[in-house]
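Note sheet for the following structure.
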Amino acid sequence: MAVLTWTIRVVILLLLIWLAIQNTELATFSLTSDIRFPLPLIVLLFGFFALGLLMGVAILLPKNWGLRWEIRKLRKETEQQKAQLDKAGVIPEAPVVDVPPITM
């Protein structure tokens, strides 16, 4: 299954590279009426893709930091609770995790 997945990925990558090579016609990118840049279409497409990727990462970064902070706080709290249980001599039961079966 992994070989099939990687084969599909390589085929898609080669298709995208082929399309990039085919889209080399010039397109005019205008910042204002006076400032214009004639660039190959693939350069514009890749530039806007990279810009969107950077914006997405920048937007999600604060949320990611907040979640990491919360995980760190909960781990510290769990360790403190374990230490208190060990100090009291209580042996905790193994937690029961109800996980649904994985189906495809």
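Here, each number is a calculation from the coordinates, and none is a lab measurement. Quantities reported herein were computed from a predicted structural model and do not represent experimental measurements. Positions of Cβ are generated from backbone atoms using ideal geometry, with glycine treated the same way; all protein chains shown enter the neighbour counts.
Data for the structure
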item	result
Neighbour-count ranking [beta-carbon atoms within 10 angstrom, fewest first] of 70, 93	93, 70
Residue 11-residue 44 pseudo-label distance in nm [points 7 Å out on the Cα-to-Cβ vector]	3.1 nm
Student exercise, the chain dipole from Lys, Arg, Asp, Glu Cβ charges, in Debye to nearest 20	260 debye
Counting all C-alpha pairs of the chain, share separated by more than 23 Å (%)	68 percent
The chain: relative contact order as a whole-number percent, Cα under 8 Å and 6+ apart	12 percent
Degrees separating the helix 41-88 axis from the principal Cα axis of the chain, which is the longest one	10 degrees
Candidate lysines for bridging to residue 87, where Cα separation is under 28 Å - those fewer than 8 sequence places away on the same chain excluded	73, 76
Leading residue at positive end of dipole, region 9-86 (Cβ point charges), from 31, 57, 67	67
Ordering of 77-84, 95-102 by packing [mean C-beta count within 10 Å, highest first]	77-84, 95-102
Residue 21-residue 58 FRET efficiency (beta carbon distance; Förster radius 30 Å; 0.05 resolution)	0.45
Nearest-ten-degree value, helix 2-22 long axis tilted from longest Cα axis of the chain	30 degrees
